[in-house]
Amino acid sequence: MPSGISVTLVAVVIISLAFDFINGFHDTANSIATSVSTRVLSPRQAILMAAVLNFVGALMSEKVAKTISKGLVNGSLEQYVIIAALLSAIIWDLITWYIGIPSSSSHALIGGLVGASSAYAASLDKVVWKGVWEKVVIPLFTSPMIGFVIGYIIMLGLSELLRPLSQRSVNKWFSKLQIISAAVMAYTHGNNDAQKSMGIITLALISSGVLDQNSHIPLWVKIACALAMCLGTSLGGWKIIKTMGINMIRLQPIGGFAAETASAIVIETATSIGAPVSTTHVISTAIMGVGASKRLSAVRWALARNIVGAWVFTIPVTALIGAFITVLIKLFI
């Protein structure tokens, strides 16, 4: 770790890694829910595979991390502001995990950062609204819709293509193919989601003067965040796995393959352009698209409405929590 760092900077790194751990724990369902629900993999096998591939994916890119560290906030921030943003995201993740509703750790973090930085500056000018709009808000709404459409199309195409085959034959082949799609989904989750904490730590390093604006993400930051997410993933999150993989729709292996493949396409495309999308949003709507391709009644839309409600409220609620924590800290320093 670089020399000359402050106690508050160390606190930011520790809390960032705690967020990454919770992110892995909270979002494990994104990559393995369908595989567990179709019984292609046992929970233990699925979680182990997801943990390893989350780690590998986390080391492969830094475009999303650069968006977080340099594309959302103007200038430098006090370390306590970054701490407030992280605490806001952690609080929201734990609340939604407790009630079993999948929400976006990514947007919780971004909402917390927007609220905390605005409260710190007592102005909305601290936020790079163009970056928030282009890199966060637009992908927030478009990526789930694209996930739904691609999931719908893939499932419809496979159903037509494989119509002459028996259900037994289809299940036999896709029980194997779904392991591959789940592995790719786990990789893409790590490649996009672990970079949020990398970006936050890098933002803290830039704000403290340890790094300059043009620096790459340090290797130790990548490895630390990858390990934290890997460890969190290894502990799983059964409540959200049950919500996504079992309660929303009853999936066969072919449906799980279609949903995971659609999600991986959307998430990896977003990562390539540095957009911090929500893996939770994308896999959820891809599952809905798979169900809707059979019949609309196959999806439990009441549960889907609850999930969408959590998406809508994530950024504004975490922004308010981040702002509140920032104001609270300012009163004591």
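The values are calculated or read from the model by the stated rules, or taken from the named source; none is laboratory data. The shown structure was predicted, so the numbers you read here are calculated from the model rather than taken from an experiment. Note that each Cβ is placed from the backbone with ideal geometry, even for glycine, and that neighbours are counted across all protein chains shown.
Residue check: is residue 100 over 30 Å from residue 214 (Cβ atoms) and in contact with a helix residue (DSSP H, G or I) (Cβ under 7 Å, 6 or more places away or on another chain)? In short, yes. Elements of the type helices (runs of 4 or more DSSP H) sitting completely within the stretch 235-333 and holding at least 3 residues that are farther than 21 Å from residue 134 by Cβ and at pLDDT 85 or above: these cover 253-272, 279-294, 301-330.
Only a single criterion out of (1) modelled with pLDDT under 90; (2) of a type outside the set (Asp, Glu); (3) surrounded by 23 or more Cβ atoms within 10 Å (Cβ to Cβ); (4) farther than 25 Å from residue 52 by Cα is not satisfied by residue 143, namely (3).
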